[in-house]
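Novice: Questions regarding the structure given below will be posed in turn.
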Amino acid sequence: MVEFYYPETLNEALELRSRTGALPLTGGTDLMVRYENWSSLPPRFPGSIMALKQLNELHYIREEDDCLCIGGATAMNRILEDPRIPEALALALDEIAAPSLRNLASLAGNIQNASPAADSLPPLIVMDASVRLVSSAGSRDLPVQEFITAPGRTVLQQDELIESVRIPLSFVRQADARQAEKSTIVYRKVGTRKANALSKLSVCFFAHCEDGEVKDIRMALGAVAATVVRLQKAEEKLKGISCGELETVWKSVKRDFEKAVRPIDDQRSTAFYRKRTALRLLDDFISRLQDQPSA
Amino acid sequence: MKDNKIEFRVNGETRIYEGDPLRRLLDVLREDLGLTGPKDGCGEGECGACSILLDGEVVNSCLIPVGTIQGQEVLTVEGLNETDQGKCIVEAYADAGAVQCGFCIPGMVMATEALLRKNPSPDEAAVRKAISGNLCRCTGYDQIVDAVLMAADRGKGLW
Amino acid sequence: MSHPISRSVRRKDAVDKAAGKCMYLSDLYPSAPLYGRCFYSSIARGRIVSRKLPPLPEGYWIVGASDIPGKNSLHMLIEDWPVFADTHVRYLGQIIYLVVGPDKQKILEILEAIEVEYEEETPCYTLEESAALVGGAQHGEDNVYTRYDINLGDIVEPFKKAARVLENEYYTGYQEHVYMEPQSMYGEWLDDSFVLHASAQCPYYIRKSLKGALGMDPEKIRVIQTATGGAFGGKEHFPDVLAGPLAVAVYKIRKPVKIVLDRKEDLAYTVKRHPSAVHFRTALDSDGNILAHDIDLRLDGGAFASCSAVVLARAVFTIGNVYNIPHIRVCGRAYCTNKPPSDAFRGFGAPQAVFAMESHMNYLACETGTDPLEYRQPYLFKQGDVTITEGRVHEKVLLPEMTERILEMSGYREKHEEYKNIPGKGIGLSYFLHGCGFTGNGERDLIKARIYLKKNEEDRVFIYGSNVEMGQGLMTTFCKVASRALDIPFDQVEYVQPDTAVVPDSGPTVASRSISVVGFLVQKAAEKLKDQWVSGQAQEIIQDYEPPEGLVEWDQDALKGDAYPAYSWGINVIEVEVDPVTCEVDTKGVWGVYDVGVPIDRQIVEGQINGGMVQALGYSHLEKLECRNGRFSQATMADYIIPTSMDFPSTQSDILDNPFEYGAFGAKGAGEMVFDGAAPAFTAAVSQAVDAVIDEIPVLPETIMELTDEGQ
Ligand code: FES
Ligand code: FES
């Protein structure tokens, strides 16, 4: 029997969650589609459901512990309206589905859904964002990248909920307008059409160059492998080199890319297209960095 | 939610629902309340034909389990049409030639209302973006865009 | 100077539709005593060897072939499509049972418990497999539903003396209609009759189709059209396919049953546009002039014939497009394959033909080093020219004026020159035409349209016909025609909702015939009524179709004569920019200039232009629909990509008046023609932008990447 729970506080929700393991439903935009049924019948949920959207405690955006924290039930459009949101994330959220859906969908839900094509993930991963997981027993913070293990799979425990998404303020500042000429951030979604689209791939790249040297560089790619890929090895090799050498060094680390990027053919695109486009976007990013006046 | 009763307001009237809380709001509106303005075009959040306003924000009613809207305010095209803003939008759609088969239009009208509440004098790009979740297979959107601009122009001061 | 009738009025249905008051089928019957849901074949081809049906609770039924009171076939053009699959299945998605009952959950449980065992046979999925009779012939001896051959002039000599022969092949893919209102119907048993309420284009087609299956007098089958939320050809024959099982169920149960397809069912199992493959061989003289074409045109008809023969006819008769070429041979064939049947879709074979011809003209221009616009000019039809079927172009041809207008609007000439040196930018152009009405003698011999015009004592006038309002504005344009001919206010005229018990058969709502053919009957009837008008008295006019005079007699066996009495004409220009990194295409400009005779309502015709253009751009660029092992890969609206408001810029258009003697106030068809030209203009633009030949639609970024990526 599928039960529906409607907790009124976070504590009640956590208690219910540990007792029943009910599936948390915030905006419902993924779950309602995944378990869609014949019209007028309730969706075919595999187990009990617990609504979270009504929990005021999960609706907030604030700075704490050196992080910009976004409450787990905050709808995407509310996040988009907040001026403190880093541009890369704003760009990504703005291109997810359509306005009506973004009034329902939450960022936490997009993460928990763990789709390899979830558009919020490349920027979150580039920013080293984490999720705070809470249960009646306590809480833990986990980088988004470690939170997701496979398509549709996360390490969320039966008694846990995503309390918030946390973006390090150090990154927010680094990518901030005052540093604009030193830092470059790119978000690009290649969708099935210009709006209201799912991604064929989406990428987020970030670099910080100062005094002719690459201080920081981060590259994340979505929908090109089973989970979002961060090119950590390549990043390590590019960090600290002089900007003038970027293109040359990049050529030598492309092999890391070849290993990490293993897209598939599906109903939305082809493996060939995904791989070539990912590589071209990276090449383009690197060559733009190299050509930058500050470089 | 007390005793499995869900209380919410629809077009200004309080409603108490006692059925399965997981049913889609769209079905409850259409089948239980006889409000057939919102349409079922896809049932998967893609087409926007089921658009309504929930606490003033445009949403897809096919994606909402009715149990989650406790205490909230639903506005459908039937309710909107009773207001000056609604009438202004409907008239503009008719005058701009924005209506063909009509199946997408009630949803478009709701998206239009949501846009104009936030931005009473949008430009073409803002209009196109605001209706990007409402698919129309007939019009190619040009006359719908005209209609929204026309409504904004005629209804100055209404929003 | 435009005709005064073109001045726009507010559509009759606009306010109700916008206010959510218009009742579509699902709104009339939001819930029903009984629901029906189909059990579909899960394989593409095979023999049904056994069936296991679950025990049924009281009040539930599994309706199948053995319940059919008459014969197990739907009557479209021929009778090959069974109501229920019985011994064989021919496509994945063919209906085997209809499960009926009051509770949807129970119905789903019953559906899951049905077990059908098949002995699979090797299916044909491609034209080549069909031609090779893989798995044995399924239709006739050669799997060809219909073959049409055209021999205009004689191609043998020109090919002998040709300085050069150029050949190429062009492909178009599937397209799904995605009418926003899914297939919907409600059947009931009333006074010894089967009564069907349906979202449909052709009420009388449904009646004809059910007659044999129910074994009933057609008068006892009543079809009432409900407000139709889009159709585009998808509700021409497919309602027959759902109405069959529904009618059998209602006949058996004698209670009302509702069937509304879920979007996913609708995408997966309803009919689609015919994919095509067109091979051109062209003989050129030493200056690059066209001497003759030899054309092989193949359509993928899917598992049952449906109306493939007629789609093929239009494709074959349109393949010459707007060009006067004296020697053309065409071999046209529609093949049977084990996929959901292909069927009517806006344009009806013409878009495929126009795409092939226009792409080929671009190819010839390119190969002969000529400008594509200049290359076309010497061949453009003029009044009196001979058509591909040895008919005549009777009307004045406005192509020169239209060309001038579109060049001026779009800046095509300058841009085309300029973009030769700018990688990533391109602009393309296409010419096209669309024959109005049924092919050949269809109107005279098959349709025999009739309408009534009735006036009551209050002097209100009512138009009775079987053509339906499905978004194209027919209710409004017909009333405009009548009110103008009667010289009475527009509001004094109404169009009666089509109901076979009430309205005469004025034919199906297809083939760009409504306004030009049926609208003309409305005008004539109104003129008669005006002459006889007695205020305060009920009056009635019956108006039958009369063929236009002065046509070249049609010979259906030889396929000679006037295939159509008149043509609508168009030119499109499309400008694009291709992203050098991702190969995504940004459409920068869209222009169209058209001759639709006289537009009965400027705003309505512009609605057709804009809507047809965007739907055609979707076909050209976004709407990939692949059939793998008999199943469409794009299974949801998230994956079958139709255009949103953000995908294409607004269409800039103009309409030139050119009254047609036998159309209502000079009107010719508009709804289909406006779809025909976008694809080749779009591919021409992309071709220029990426400097590669494109011979297939849809053109996706994936295609462009493969064509242009050197790193592969
Ligand atoms: S029916 Fe809700 S978005 Fe299509
Ligand atoms: S008017 Fe028909 S879908 Fe928009």
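The values are calculated or read from the model by the stated rules, or taken from the named source; none is laboratory data. This one's a predicted model, so the numbers in the text were calculated from it and none came from an experiment. No Cβ is skipped: glycine too gets one built from the backbone with ideal geometry, and neighbour counts run over all protein chains shown. Only protein heavy atoms, including side chains, enter the accessible area calculation; ligands, DNA and RNA are left aside. Shrake-Rupley method; radii C 1.70, N 1.55, O 1.52, S 1.80 Å.
Novice: So what is the relative contact order of chain C, in percent, for Cα pairs below 8 Å that sit 6 or more residues apart? Don't skip to the end; give the middle numbers.
Specialist: On the way: 1751 pairs, mean separation 113.2, N = 712.
For chain C, the relative contact order is 16 percent.
Novice: Roughly how many percent of the accessible protein surface of chain A is carbon and sulfur, given a 1.4 Å probe and a whole-percent answer?
Specialist: Reported share for carbon and sulfur atoms: 47 percent.
Novice: How many angstrom lie between the Cα centre of region C:9-73 and the Cα centre of region B:64-142?
Specialist: Taking the Cα centre of each part, region C:9-73 and region B:64-142 sit 30 Å apart.
Novice: If you roll a 1.4 Å probe over the heavy atoms of the protein chains, what accessible area per residue do you get for region B:81-154, in Å²?
Specialist: Per residue, region B:81-154 has 28 Å² of solvent-accessible surface.
Novice: With label points built 7 Å along Cα→Cβ from the Cα atoms of A:T9 and A:S136, find their separation and express it in nm.
Specialist: 1.4
Novice: Per the 1.4 Å probe, what fraction of the accessible area of region B:4-79, in percent, lies on carbon and sulfur atoms?
Specialist: C and S fraction of accessible area: 39 percent.
Novice: Could you state how much accessible area is buried at the C-B interface, both sides summed, with a 1.4 Å probe, in Å² to the nearest 100? Working shown, then result.
Specialist: Working: alone 26440 and 7940 Å², together 30620 Å².
Summing both sides, the interface buries roughly 3800 Å².
Novice: Here is a further query. If the reach is capped at under 24 angstrom between alpha carbons, list the lysines near C:K161, excluding any in the same chain fewer than eight residues apart.
Specialist: Those lysines meeting the cut-off do not exist here.
Novice: Could you give the distance between the Cα centres of region C:426-492 and region C:570-609, to the whole Å?
Specialist: With region C:426-492 and region C:570-609 each reduced to a Cα centre, they are spaced 25 Å.
Novice: I would also like to ask the following. When ranked by the protection proxy of mean other Cβ atoms within 10 Å per residue, highest first, what sequence do the peptides B:38-50, C:210-222 form?
Specialist: My ranking of the peptides, most packed first, is B:38-50, C:210-222.
Novice: Nearest 100 Å² is fine: how much accessible area is buried between A and C, summed over both sides, with a 1.4 Å probe?
Specialist: Chains A and C together bury roughly 2900 Å² of accessible area.
Novice: Rounded to the nearest angstrom and ordered from largest down, what semi-axes does the equivalent ellipsoid of the protein assembly as shown get from its C-alpha gyration tensor (root of 5λ)?
Specialist: 48, 38, 30
Novice: Per-residue counts of other Cβ atoms within 10 Å, averaged by peptide: what ranking do you get for A:231-241, C:527-537, highest first?
Specialist: Answer by packing, highest mean first, reads A:231-241, C:527-537.
Novice: Cα-Cα over 23 Å: which of A:K53/B:K156; A:K194/A:K215; C:K104/C:K252; A:K194/C:K21; B:K118/B:K156; C:K52/C:K264?
Specialist: In this structure, A:K53/B:K156; A:K194/A:K215; A:K194/C:K21; C:K52/C:K264 lie more than 23 Å apart at Cα.
Novice: Provide the buried accessible surface between chains B and A in square angstrom, both chains summed, 1.4 Å probe, rounded to the nearest 100.
Specialist: 2600
Novice: Here is a further query. Just the Cα atoms of region B:4-79, one point each, no solvent: what log10 I(q)/I(0) does Debye give at q = 0.28 Å⁻¹?
Specialist: -1.56
Novice: Then there's this: Going through the DSSP H helices of chain C, which span 27 Å or more along their own axis at the Cα atoms while scoring at least -1.0 as a mean Kyte-Doolittle hydropathy?
Specialist: C:602-621
Novice: Okay, moving on. Taking every Cα atom in region C:449-544, find the radius of gyration and the maximum pairwise distance Dmax, and write them in Å.
Specialist: Looking at region C:449-544, its Cα Rg and Dmax stand at 12.1, 38 Å.
Novice: Return the residues of region B:100-123 for which accessible area with all protein chains present is lower than in the chain on its own by 30 Å² or more; set the probe to 1.4 Å and exclude ligands, DNA and RNA.
Specialist: With the partner chains in place, region B:100-123 has these residues losing at least 30 Å²: B:Q100, B:C101, B:F103.
Novice: Next question, about the same structure. Tell me the per residue accessible area of region A:1-73 using a 1.4 Å probe; a whole number in Å² is fine.
Specialist: Per residue, region A:1-73 has an accessible area of 42 Å².
Novice: Taking amide H atoms as placed 1.01 Å from N in the peptide plane, list the residues 5 or more away in sequence, or in a different chain, whose amide H sits under 5 Å from that of C:Y564.
Specialist: For C:Y564, the qualifying residues are C:G440.
Novice: Note down the accessible area of C:Y619, probe 1.4 Å, to the nearest 10 Å².
Specialist: Surface accessible to solvent at C:Y619 totals approximately 10 Å².
Novice: Here is a follow-up. In nm, what is the difference between 0.36 nm times the number of residues separating C:D586 and C:L56 and their Cα-Cα distance?
Specialist: 185.2 nm
Novice: Another one. Just to verify a number: FRET efficiency for C:S286 and C:E167, C-beta to C-beta distance, R0 = 22 Å, to 0.05? Walk me through the numbers before you get to the answer.
Specialist: Working: r = 18 Å, r/R0 = 0.82.
FRET efficiency, C:S286 to C:E167: 0.75.
Novice: Would you calculate the volume per residue, in Å³, of the smallest convex hull containing every Cα atom of chain C?
Specialist: In chain C, the Cα convex hull volume per residue is 159 Å³.
Novice: Just report the Cα centroid separation between region B:12-56 and region C:651-693, whole Å.
Specialist: Cα centroid of region B:12-56 versus Cα centroid of region C:651-693: 40 Å apart.
Novice: Right, here's the next one. Only protein chains counted, 1.4 angstrom probe. Which residues of region A:185-231 are at least 30 Å² less accessible in the assembly than when their chain is isolated?
Specialist: At a threshold of 30 Å² (probe 1.4 Å), the residues of region A:185-231 that become less exposed are A:R188, A:T192, A:R193, A:K194, A:A195, A:N196, A:L198, A:K200.
Novice: Turning to a different aspect of this structure: Expressed in nm to one decimal, what extension gain is obtained for the pair C:N421 and C:S31 from 0.36 nm per residue of sequence separation less their Cα-Cα distance?
Specialist: 134.2 nm is the gain from fully extending C:N421 to C:S31.
Novice: Please average, across the residues of C:583-590, the number of beta carbons from any other chain that are within 10 Å of each residue's own beta carbon, and give a whole number.
Specialist: 2
Novice: Heavy atoms of the protein only, probe of 1.4 Å, neighbouring chains included. What is the accessible area of C:L398 in Å², nearest 10?
Specialist: 10
Novice: I've got another one for you. So, in nm, how far is label C:R413 from label C:A692 when the simple model puts each one 7 Å beyond its Cα toward the Cβ?
Specialist: 3.2
Novice: Quick one: compute the contact order of region C:326-461, relative version, from alpha carbon pairs under 8 angstrom and 6+ residues apart, as a percent.
Specialist: 13
Novice: To the nearest 10 Å², what's B:R15's accessible area with a 1.4 Å probe?
Specialist: Near enough 80 Å² of accessible area.
Novice: Go through region A:84-123 and flag every residue whose accessible area shrinks by 50 Å² or more with all protein chains in place compared to the isolated chain (probe 1.4 Å).
Specialist: The answer is A:P99, A:S100, A:N103, A:L104 - residues whose exposure falls by at least 50 Å² when every protein chain is included.
Novice: Here's something else I'd like to know. Please list, in order along region A:106-112, the HN-Hα scalar couplings obtained from phi with the Karplus expression 6.51 cos²θ - 1.76 cosθ + 1.60 (θ = phi - 60°), rounded to whole Hz, x for Gly and Pro.
Specialist: 10, 5, 4, x, 4, 6, 5
Novice: For peptide C:467-474, what's the mean number of Cβ atoms from other chains within 10 Å of each residue's Cβ?
Specialist: Taking the mean over all residues of the peptide, I get 3.
Novice: Express the accessible area of region C:449-544 per residue in Å², computed with a 1.4 Å probe while the remaining protein chains stay in the model.
Specialist: Numbers: 3260 Å² over 96 residues.
Ligands and nucleic acids excluded, the result is 34 Å² per residue.
Novice: Let me ask you something else. Quick one: if you stick a label point 7 Å off each Cα along the C-beta vector at C:D531 and C:H88, how many nm between them?
Specialist: Result: 5.6 nm between the two label points.
Novice: With each run of n ≥ 4 DSSP H residues scored as -39500 (n - 2.57), what mean residue ellipticity at 222 nm is computed for the protein assembly as shown after dividing by its residue count and rounding to the nearest 500 deg cm²/dmol?
Specialist: Working: 36 runs with 339 residues, N = 1166.
For the protein assembly as shown, the value works out to -8500 deg cm²/dmol.
Novice: Shifting gears a bit: What's the average, rounded to a whole number, of partner chain beta-carbon atoms within 10 Å of each residue's beta-carbon in B:46-57? Mind showing how you got there, number by number?
Specialist: Numbers: counts 13, 7, 7, 3, 1, 3, 1, 2, 3, 1, 1, 8.
Shielding by partners across B:46-57 averages 4.
Novice: Please report, as a whole percent, how much of the solvent-accessible surface of region C:449-544 comes from carbon and sulfur atoms (probe radius 1.4 Å).
Specialist: 46
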